[in-house]
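Quick notes on the structure that follows.
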């Protein structure tokens, strides 16, 4: 990797202000880069109007041993107000939990990367999920999220502290940011992982489904660092740890407003409808085509209410018009990991199974003793789904009445 | 017309498939089938050049069409038949109705009529059949009489009845075969002409989405320009000129229907659990109800493609080849549909699954465009001539060719196919010596045996190809196994039926048995079970449960 | 205005099946299709062309020679020029190397005002190539959009966020990746338009043609490596309950209590 200023530099000095590390100065109306300060973050490349600054990304034999630690990008929910920071998303805790496991295997540190307008004691909660260290970047420009600003900031952090592994949620933001940086850094990035591990060579083994969930692949990034991965939400198990001391490293990164190129003109958030969305639900009562009709499917709403659960559905049920698509669980719907997944009349196509098989406890009810759903179920109940749902409601109701 | 490039053809097939998925789902078709109703609006939409423009494929480019070749049309017809044979029949009626103009029309007539059909999206009907003239057009009763003014023929008045005309009640334009003073001739008749009345839509066993109606022509006047080709008496020649091609399209229908039914059965077999395992794992089921039909249908496909390629490379006629293709493909499609009902058991007998409808539909392919008995006769006649002309070496040459090729391709069933061809040649020669073709039964059975033997010849050659046709869905080991199984079945049937045919009519002992060499063919049967196991497994992989 | 649409030919994953014995994909009989998200990207590009009649829509794909089929499809739908990057040097490229090849080609072909990609391909589901092209071209990106319009030389984009969407304004050039609104019916070309596409400009480029460095392409240029492919495994000990529905309900209640879901 290297950076150079080409002869077509017009001396406009836009790059000078864009550099977060004051590494650029003007000399004889040309930009000069101080290589001892430059972190190759690429912010200047983005503002140069004549493309005179070039970063070359050659995968030369890099000194991989200099790279240590497991990093997790901490993602915040989008607030309806674009200048307001939302809560830390659940996926970040999932990543920290898995990251803890990886860091322990490597005997390295687990670090959380936080970009926020200001800190709100985030290190406390992050340490509950295993973080040893928090890299804290505070700047008003971090709201709303911007690909260019985030990638420039984080890349300078990477170049300075050299992590070995860097995890992102496979969310809208994570899948926007991670590839942008991986391309810039010329490092390997694996999308939408459902499992992570460390192999005997100390490499990150990144497992992910492909071909619509029909096949699994293990991916390695042996020759580049950090080994980057986006991880599917609701797949990794959350593990809390005993609180301990957490180190906070505040980085002061200057941000040139000019590198924000796209503007959020307006934000539109759907109103909360009073029920828990399936991706966050503790219990999901889910139905398939085995329930036969829309009317019969509706019985699940009542059961869900009694169990304080959300309603899920197979693709077949959604396609048959039993329920709206946002309830769909599976490859083309939502991946869920509730504590309990109750499946009524779902046969269990591969594409459904990949979306729910990591649920803690799966109870499936199906007429067909050979239904695929049973292969991932802890309890396989052979019987008529609608009939059992109806009787279950009665039973729970009468139990409540007694209580 | 030469065929389109493969990408273009496949994009068209994809578009047609996509259209059908959206506009012709099974529930819709089932409803129309129950109501005996032709979905005219859907058919009209299929002609819209911004939606599909399905009629344009059979109209040459210079007249505003797309100009597809026979290969393209066969693929379209196969897919149409998979969607619904009624819809397919209606589209095909337009293709068929266009043919007399395409084949016999003068340059001006082509410009005028083909141009109009292309641009105005006209639905066409082919009016040949009459109450007393079906496969046999010689009994044509519809008359076209001269209308003379100032000593010049300015037009014709056509009178007569046509029967079972596809699109009869809904077409915009009709090509009508009538007996003119100079002999059978084709006329273009527009729907709104005075004296022209379509009859009611028939209540049919199958293809109920296809409008079928009689036509009544009562002194219908058409200008002299509407006489196709401007010369009287060319009608039968013009009709026969495209027999090779039209029969091939009906063959494609048999193929499409057969596969459509069989696919349903194969998918079903993987879901239906009986005594602890899916039906797809039980030989008693797969090797009876699935594998033989897959083999027969793929043999039919190989033969259809062979004829289509020949037509696309500029050969004309090929009426006998068309008959061989039509006969085998529609017989196979019909039987595949029949067994698919059996394969689905009670479900197959209900209308919840499409197989019983396919069975009712596909039957027509054994009847229209010449019944399969006419085909048996046609095949016999065509090949008997060859047998005589070559002094019995017609099939021996084919056998020699296969024996030569089999040195390099040991696994495509070539040597047993060659044995079948030699046996066929021996049977035909024995029939000649004993003048057995005076028995009509002998000639018709020969038609069947010829069809099987020639299919095994073409199929085993297709299986030995370096690259398979784009329409073959199976991998090489499976396709070769299919060719082997077919060649073994065909040789055995030719040998056994052939010798019984001869021995049924003559009592004197000859050396026929030696020439047929049944023992050698029997020895070649080894391996058929393991081949069928492979095919069965492969079928379930290609047509997996949904 | 110059629009680029990046597309990919993919196996129809709803038709893909695994060989249970070897754990490999069975490709026989699986049709190849235009990746649906890319198909939607084409639709959006054509919509922009409709309101900007001077716009030229270039469609570009990397793949084997057969991938010409999806380019012809895009041309039949109304795109203007087709480019296929086909070279043994491209084989085995991961998302980085693919993005490198595509961005090199786009630079080579010429001016670009907007590049539209599908959000992801249904065979790999990575959603990485789009942002990686934007990164390598150093242009802004907006991902997971379901609508793009161009007005006054600016792109107006509707981008998905969790439970809602942002309206984004971006200068040109910009790269946008697209996700389909649910139940969207993708258009298919008519027979006539399929034949018309045959006379549209189509080019096949090799690595040399687009001046791509071979060391950045294919397996060699790819920072990620596929280490192992295997069928999804399921390891659950299943307790089968086959009894009357009344007893089954009692059993469920018992399970719920046992696992602490109800008291």
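Throughout, read-outs are computed from the coordinates displayed, never taken from laboratory work. This structure is a prediction, so every number in the text was calculated from the model and none was measured. Neighbour counts run over all protein chains shown; Cβ positions are idealised from the backbone, glycine included.
Entry note: the range B:372-527 has Rg to Rh equal to 0.99, where both radii use alpha-carbon atoms and Rh is the Kirkwood radius. Helix-only arithmetic for chain C: the sum of -39500 (n - 2.57) across DSSP H runs with n ≥ 4, divided by the residue total, places the mean residue ellipticity at 222 nm at -8500 deg cm²/dmol. Note: relative contact order over chain C, using C-alpha pairs below 8 Å and six or more positions apart, is 23 percent. Helix B:26-35 and the longest principal axis of the C-alpha atoms of chain B enclose an angle of approximately 60°. Annotation: the residues B:339, B:225, sorted from fewest to most other C-beta atoms within 10 Å of their own C-beta, follow the order B:225, B:339. Here the average projected area of the convex hull drawn through the C-alpha atoms of the range B:6-122 stands at 7.0 nm². In chain B, helical runs assigned H by DSSP with n ≥ 4 each contribute -39500 (n - 2.57); averaged across all residues and rounded to the nearest 500, the mean residue ellipticity at 222 nm is -18000 deg cm²/dmol. Given R0 = 41 Å, the distance between the Cβ atoms of residue B:111 and residue C:52 translates into a calculated FRET efficiency of 0.55. Against chain B, whose longest principal axis comes from its Cα atoms, helix B:476-503 is set at around 90 degrees. Its Cα gyration tensor gives chain B an equivalent ellipsoid. The semi-axes, each the square root of 5 times an eigenvalue, are 40, 29, 20 Å from largest down.
Relative to the first principal axis of the alpha-carbon coordinates of chain A, what is the inclination of helix A:172-185, with its axis defined by its Cα atoms, in degrees from 0 to 90 and to the nearest 10? The two axes meet at around 40 degrees. Of all beta bridges that DSSP places with both ends in the protein assembly as shown, some 50 percent have antiparallel geometry. Across the range B:284-360, the volume of the C-alpha convex hull divided among the residues equals 82 Å³ per residue. In this label model, residue C:167 and residue C:228 are separated by 5.1 nm, measuring between points 7 Å along each Cα→Cβ vector. Cβ crowding within 10 Å ranks A:70, B:40 as B:40, A:70, fewest other Cβ atoms first.
In units of the rule-of-thumb radius 2.2 N^0.38 Å, the protein assembly as shown shows an alpha carbon radius of gyration of 1.08. Shown for B:249, B:398: other C-beta atoms within 10 Å of each C-beta, ranked fewest to most, produce the order B:398, B:249. Using R0 = 25 Å, the C-beta based FRET efficiency linking residue A:82 and residue A:251 works out to 0.60. Per-residue shielding of C:7-15, expressed as the average number of other chain Cβ atoms within 10 Å of the residue Cβ, stands at 3. Legend: mean number of C-beta atoms from other chains within 10 angstrom of residue C-beta atoms, peptide A:380-389, equals 5.
Set the Förster radius R0 to 30 Å, insert the Cβ-Cβ distance between residue A:394 and residue A:270 as r into 1/(1 + (r/R0)^6), and round the FRET efficiency to 0.05.
With a Förster radius of 30 Å, E is 0.30.
Our summary gives chain B a relative contact order of 13 percent, counting only alpha carbon pairs under 8 angstrom and 6 or more residues apart.
Taking each DSSP H run with n ≥ 4 as -39500 (n - 2.57) and averaging over every residue of chain A yields -7500 deg cm²/dmol at 222 nm. Fraction of C-alpha pairs exceeding 21 angstrom in the range C:161-263: 79 percent, rounded to a whole number. Of the beta bridges in the range A:55-158, as assigned by DSSP with both residues counted there, near 15 percent are antiparallel.
For the range A:2-56, compute Rh as the Kirkwood radius over C-alpha pairs and then the Stokes-Einstein diffusion coefficient at 25 °C and 0.890 mPa s; write the answer in µm²/s, rounded to an integer.
Rounded to a whole number, D works out at 228 µm²/s.
Each principal axis of the Cα atoms in the range C:2-221 has its own extent, and those three values, largest first, are 56, 41, 40 angstrom.
Can you tell me the order of B:264-276, B:190-202 when each peptide is scored by its average per-residue count of other Cβ atoms within 10 angstrom, highest first?
Sorting B:264-276, B:190-202 by mean packing, highest first, produces B:264-276, B:190-202.
With both residues required to sit in chain C, DSSP beta bridges show an antiparallel share near 40%.
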